[in-house]
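Worksheet for the structure shown next.
Taken together, the values in this text are just the output of simple stated rules run on the coordinates, not laboratory data. As the structure is a prediction and not an experimental result, all values here were calculated from the model. Using ideal geometry, Cβ is built from the backbone for each residue, glycine included, and neighbour counts are taken over all protein chains shown.
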């Protein structure tokens, strides 16, 4: 199965180590991709977390990375993403720009969405590509704290 990552799990970002730790399961980089559907990607919470809001046809085509993963990695990503408490997940069509064989194609990949969010989050700037150290000046702040509920973000 494939997973689409768009935030702190991308290469060079603060949580990428989750994908490279064999104790979490198998993950292999397949290529960079973009969502076929428009979505709002915003930075929110006191930890400056990137959230893909479950509001299709709003926002931008989101650029991220596609990884092939096993069930163990998916289970560990569910823990990291606090699924199903905080995020929902589902398969999305992703334009895979160029895989390891040099082929562009559309793939189905699991993506994590914030669904029960406050409507005011839609008023935040929409990104098409997240970088923790981006020009937005909102670097990700790592924490062991759980976020109480999506409605509180």
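Taking R0 as 25 Å, what's the FRET efficiency between residue 70 and residue 46 from their Cβ-Cβ distance, rounded to 0.05?
About 0.15, to the nearest 0.05.
List the pair-distance distribution P(r) of the stretch 1-46, using every Cα-Cα distance, as the percent of pairs falling in each 5 Å bin from 0 up to the bin containing the longest distance, rounded to whole percents.
5, 17, 23, 26, 15, 11, 2
Is the stretch 17-68 best put as rounded, prolate or oblate by its Cα gyration tensor, with a ≥ b ≥ c the root eigenvalues, rounded for a/c under 1.5, and otherwise prolate when a/b is larger than b/c, oblate when not?
Oblate shape, in that a/c is at least 1.5 and b/c is the bigger or equal ratio.
Output the Kirkwood hydrodynamic radius of the stretch 1-140, Cα pairs only, in Å rounded to one decimal.
Kirkwood radius, the stretch 1-140: 15.1 Å.
Please tell me the relative contact order of the stretch 34-153 in percent, rounded to the nearest whole number, where contacts are Cα pairs under 8 Å and at least six residues apart.
On the way: 196 pairs, mean separation 38.5, N = 120.
About 32 percent, as a whole number.
Among DSSP beta bridges lying fully in the chain, give the percent that are antiparallel, nearest 5. Show your work: numbers first, answer last.
Working: 31 of 33 bridges.
Just about 95 percent of them are antiparallel.
What residue among 42, 106, 66 has the largest mean-square fluctuation in a Gaussian network model of the chain, using Cα springs under 10 Å?
Its mean-square fluctuation being the largest, the pick is 106.
Name the residue, out of 33, 64, 102, whose mean-square fluctuation peaks in a Gaussian network model built on the chain with Cα pairs under 10 Å.
Maximum among the listed residues: 102.
Among rounded, prolate and oblate, which fits the stretch 32-103 when a ≥ b ≥ c are the square roots of the eigenvalues of its C-alpha gyration tensor, a/c under 1.5 means rounded, and a/b larger than b/c means prolate?
Oblate, since a/c reaches 1.5 and b/c is not below a/b.
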